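Contents: one structure, followed by commentary.
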Amino acid sequence: MRGTVLLLLLALLGPAASHAHDGATPLERSVKAAFLYKFASYVRWPPASFPTSDTPVRIGVIGEDQLADELRDLVAGRTIEGRGISVYKIEDIDPSAGIHILFIGREETSRLDDLVRLANSRSILLVSESEDGALSRGSAINFVLREGRVRFEISLPSAERSGIELSSRLLSVAQSVQTETTRSP
Amino acid sequence: MLSALKHSIRHKLMLVVMATTFAALLITAIGLVYYDLRTYQQAWVDDLVTQADILGLASAPALAFHDPKAATQNLELLKVRPKILAAAIYSADGRLFASYEREGTASHSIPGAPGQHGHRVEGNHLVLFRSIADADEVLGTVYLKAHYEMFDRFINYMMIVGGVMIVSLLIAILMSYWLQAAVTKPILQVSEVAHQVTAKRDFSLRVEKTTEDELGYLVDTFNDMLTEVGQRTQALEKTNQSLEKEMAIRHEAEMALLAADQRKDEFLATLAHELRNPLAPFRNALEILRIQGDDPRSSRMARDIMERQLRQLVRLVDDLLDVSRITTGKLRLKKETTELRSIVQSALDTTSSFIESRKLDLDVTLPEGPVHLHADATRLAQVLVNLLHNAAKFTEAGGRISLNAECREDRLTIYVSDTGIGIAPEMLPVIFDMFAQIDRSLERPHAGLGVGLSLARRLVELHGGTLTARSAGLGQGSQFIVDLPVVPSPGWIEPAVPAAATGDAFEKRRILLADDNEDFIRTFATILRSMGHEVHLAHDGQEALREAERFRPEVAFLDIGLPKLNGYDLARGVRSLPACRDTLLVAVTGWGQENDRKLAVEAGFDHHLTKPIEPQQVLPLLSLAPRTGAGPNGNGPPSFPGGEDHV
């Protein structure tokens with residue numbers, strides 16, 4: 001039932017996304033929340049990221065509380081490969097939190113470089129929504145708007161640096177995939 | 001077709017082979033096709049499901065991240081599967097997400113919304129809806145539409161099955177022909193031979209044996225059966241033939257019996273006629289005597305008539321008796337050496353009056369000198385009498401009869417010829433048959449019993465001679481030829497038998513007549529008294545004995561069947577009288593048996609006569625009687641013409 005609601009949101013995304021630059025519309029925020037949840041299925045973390053078999057997939061959200069709330073609603077009761085899903089609103093970087101996916105809101109893009117360093121050391125998938133070269137700065141996945149639709153770009157080198165493997169299936173639906181490093185952090 | 005099947009094993013065999021082949025092929029084909037089509041369908045469905053799952057798996061991210069373009073690209077990959085005609089992906093909410101149609105094919109309408117999950121056949125197409133799931137979440141539905149070649153395959157299979165069937169049935173036909181050679185040919189041969197045997201009844205036909213199996217056994221058995229039937233038929237035919245032969249013989253015998261019976265019937269009719277004929281003149285004569293008995297001329301004429309008719313009657317009965325004796329083999333000849341002339345004389349004496357009455361000329365020629373025969377003179381005389389009488393009867397007044405005898409070496413030939421009506425050539429062989437009559441009508445002018453010639457021939461044959469007849473034809477007269485053996489060296493010749501009664505040496509005799517027949521005794525007495533003899537009468541035995549004692553007769557005619565005292569006892573009684581010791585005793589009977597004759601001699605009779613008695617028989621006896629009361633009894637063996645019984 002929740003899936004249906006999610007897809008419904010995705011379908012309604014088109015017209016609402018035109019105001020992206022002025023801050024995310026609720027629909028855009030919902031789509032991105034859904035994508036965040038879905039990415040988990042196409043990503044493989046190193047075994048160390050999940051010390052136990054029931055370690056939940058933790059998704060952290062920085063600078064976008066509303067999205068975090070929506071995401072929390074969305075994942076409630078869902079599992080990925082038998083693991084539960086936890087959503088955290090993150091104010092400061094807590095190295096011990098054991099985050100698997102970290103979304104960086106548009107407002108917090110400035111902190112990206114620090115977070116990249118953290119991500120690389122802790123095997124965290126970094127997802128950003130920046131318009132100005134977030135991938136080259138070290139983000140693995142970056143949301144973009146194309147023709148009013150929420151799409152995403154992927155940087156394989158960034159992912160590799162974090163020790164994360166991205167499914168080729170995910171690559172097949174990406175807006176674009178960077179395979180070579182354009183700039184060293 | 002069905003009627004042909006009823007009559008031909010060949011067709012039945014062919015039908016069996018073909019039906020078996022066809023049924024086996026059909027069942028096999030149905031099974032195989034069913035299995036193959038099922039397998040095909042299962043495999044095709046499995047293939048499509050796999051394809052759909054692959055598509056779903058590949059398109060899950062596109063659905064998840066809402067990327068129709070990526071999904072369309074995935075669908076485009078189906079180009080490598082030419083049998084998949086169309087495909088589509090629907091989102092979880094049932095909207096068309098991406099679609100694919102194979103180029104170069106007719107437009108396939110892609111459903112606007114996903115249908116019932118699973119596969120189904122729509123005409124020539126197989127349609128499949130399959131849900132796309134990622135983890136435990138349903139992302140959408142895959143739609144595939146593919147060629148479904150079941151029908152084509154079925155058609156192909158049917159063509160293959162048809163081809164196989166045609167080939168197989170051809171093989172079956174060939175096999176049935178082979179079977180016909182092996183199985184039906186012997187049966188057909190048996191059938192053909194059976195048909196021929198029935199039609200021609202030729203049991204020598206055989207069926208050629210070609211196999212050693214049950215059919216060979218059948219052929220052997222059939223042949224054995226033919227042999228058996230043939231033998232039986234032959235035996236039956238033999239029996240039939242012998243039966244037919246027997247039937248023919250019996251039929252012949254029956255015909256002969258019928259002919260003899262007919263001849264006998266005719267003879268009886270003739271006999272009655274002949275016996276009746278003399279009775280009318282007899283009655284007339286009696287009438288004359290009754291009316292004009294006082295007139296000597298009339299009386300004489302009447303007596304003559306009665307005498308002639310009586311003689312005719314006696315002759316008839318004598319002939320009959322002789323025939324009977326010959327037929328039963330009882331006739332015995334009393335042969336002695338005799339002379340031809342006396343025999344001829346005797347015959348002429350008997351027949352001359354008849355020949356004269358017919359106004360015929362008689363010419364007799366005998367050989368010079370005596371001709372001796374070893375024969376029964378009386379019987380030979382009888383033969384000549386018969387022939388002469390016959391000649392006279394069949395010759396018209398004014399004709400001529402000749403009796404001509406010739407003697408050559410040891411044979412005597414007597415020709416009795418006439419100028420009468422002759423004999424037709426076809427009748428010559430049968431005139432000697434018993435009871436033969438040339439003219440069979442009762443009203444014929446020439447009466448007779450038809451026994452005369454037959455009797456004559458038998459008598460001649462008993463003498464070792466032959467009697468034959470000749471005639472140049474009807475109206476040409478006829479000739480009868482008697483051929484007899486002659487005795488070469490004659491011994492003692494017996495003087496001729498006294499010829500008839502002459503009455504020259506007449507002496508008055510005392511005569512006793514004993515008979516219970518009043519008419520006979522009175523007429524007989526009248527005749528004897530008319531001759532001047534003294535006659536006494538007795539009507540029974542005792543009266544006769546008393547009369548004999550008183551009257552002392554010189555001659556006594558005693559009936560054997562007398563009342564009170566029979567003839568034999570009477571004779572002994574008479575003979576025991578002193579006065580009658582030499583009396584000539586003559587037995588008079590109606591029977592001619594040998595026994596009677598012996599009894600008569602034993603009883604003391606000197607002679608024996610059978611009724612009716614004629615004066616000619618009696619007169620010679622009277623002359624033999626001894627003189628009154630003197631001299632011994634002259635018991636010589638006298639011989640009389642006619643009357644005396646020689647049996």
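No lab work stands behind these numbers, since they all come straight from the coordinates. Because the structure is predicted, anything quoted here is derived from the model rather than measured. Cβ atoms come from the backbone with ideal geometry, glycine included; neighbour counts cover every protein chain shown.
Data for the structure
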{"item": "Residue order, fewest to most beta carbons within 10 Å, for B:Phe354, B:Phe557", "result": "B:Phe354, B:Phe557"}
{"item": "Label-point separation in nm, B:Lys611 to A:Val144, each point 7 Å along Cα→Cβ", "result": "18.8"}
{"item": "Rg/Rg_ref, chain B, where Rg_ref = 2.2 N^0.38 Å and atoms are Cα", "result": "2.59"}
{"item": "Computed FRET value (nearest 0.05) for B:Asn124 with B:Arg95, which takes r as the C-beta separation and R₀ as 25 Å", "result": "0.30"}
{"item": "Percent RCO, i.e. relative contact order, over the range B:276-421, from Cα pairs under 8 Å lying at least 6 residues apart", "result": "19"}
{"item": "Hull shadow area, averaged, the range B:1-118 [alpha-carbon convex hull, nm²]", "result": "12.0"}
{"item": "Greater than 23 Å apart at Cα, pairs in B:Lys334/B:Lys611; B:Lys264/B:Lys359; B:Lys200/B:Lys245; A:Lys38/B:Lys79", "result": "B:Lys264/B:Lys359; B:Lys200/B:Lys245; A:Lys38/B:Lys79"}
{"item": "Average beta carbon contacts from partner chains per residue of A:170-176, 10 Å cutoff", "result": "5"}
{"item": "Principal axis dimensions, largest first and in whole angstrom, of the range B:273-355 by Cα", "result": "50, 31, 18"}
{"item": "Under the span-like rule (Cα at least 24 Å along the axis, Kyte-Doolittle mean at least 1.6), DSSP H helices of chain B", "result": "B:150-179"}
{"item": "MRE, 222 nm, helices only [DSSP H, n ≥ 4, -39500 (n - 2.57), over chain B, to nearest 500]", "result": "-17500 deg cm²/dmol"}
{"item": "Nearest-0.05 FRET efficiency for B:Glu507 and B:Leu428, computed from C-beta distance (R0 56 Å)", "result": "0.55"}
{"item": "Label-point separation in nm, B:Glu76 to B:Asp318, each point 7 Å along Cα→Cβ", "result": "16.9"}
{"item": "Average partner coverage of B:305-312, which counts Cβ from other chains inside 10 Å", "result": "0"}
{"item": "Kirkwood hydrodynamic radius over Cα pairs of the range A:55-134, then Stokes diffusion coefficient at 10 °C and 1.306 mPa s, in µm²/s", "result": "123"}
{"item": "Relative contact order (%) - criterion: Cα under 8 Å, at least six apart; region: chain B", "result": "7"}
{"item": "Karplus-derived HN-Hα couplings along the range B:464-474 (A = 6.51, B = -1.76, C = 1.60, θ = phi - 60°), whole Hz, x at Gly and Pro", "result": "x, x, 10, 10, 10, 10, 9, 7, 6, x, 5"}
{"item": "The protein assembly as shown - convex hull of alpha carbons, volume per residue in Å³", "result": "442"}
{"item": "Placed amide H near A:Ala140: partners under 5 Å, 5+ positions off or other chain", "result": "A:Leu126"}
{"item": "Extension gain, B:Arg581 back to B:Lys245 (0.36 nm per residue minus Cα-Cα distance, nm)", "result": "113.9 nm"}
{"item": "Calculated FRET value between B:Leu37 and A:Arg106, using beta carbons and R₀ = 56 Å, to 0.05", "result": "0.35"}
{"item": "Packing rank of B:173-182, B:384-393, B:194-203, where each peptide gets the mean count of other beta carbons within 10 Å, highest leading", "result": "B:384-393, B:173-182, B:194-203"}
{"item": "Nonlocal amide H pairs with A:Gly84, under 5 Å, H built at 1.01 Å", "result": "A:Val57"}
{"item": "For the range A:48-185: relative contact order, % (alpha-carbon pairs under 8 angstrom, 6 or more apart)", "result": "18"}
{"item": "Between the range B:29-68 and the range B:216-273, the alpha-carbon center distance in angstrom", "result": "102"}
{"item": "Test item: B:58-70 mean partner chain Cβ contacts at 10 Å", "result": "6"}
{"item": "Projected label distance in nm at B:Leu218 and B:Ser8, using a 7 Å step from Cα toward the beta-carbon", "result": "1.8"}
{"item": "Full-extension gain in nm, B:Glu192 to B:Ile291, via 0.36 nm per residue minus C-alpha separation", "result": "25.5 nm"}
{"item": "Exposed-loop-free span, longest in chain B, where GluC sites (Glu not before Pro) count as exposed if DSSP calls them loop and at most 12 other C-beta atoms lie within 10 Å", "result": "B:213-367"}
{"item": "Cα shape, the range A:66-185, gyration tensor, a/c 1.5 rule", "result": "rounded"}
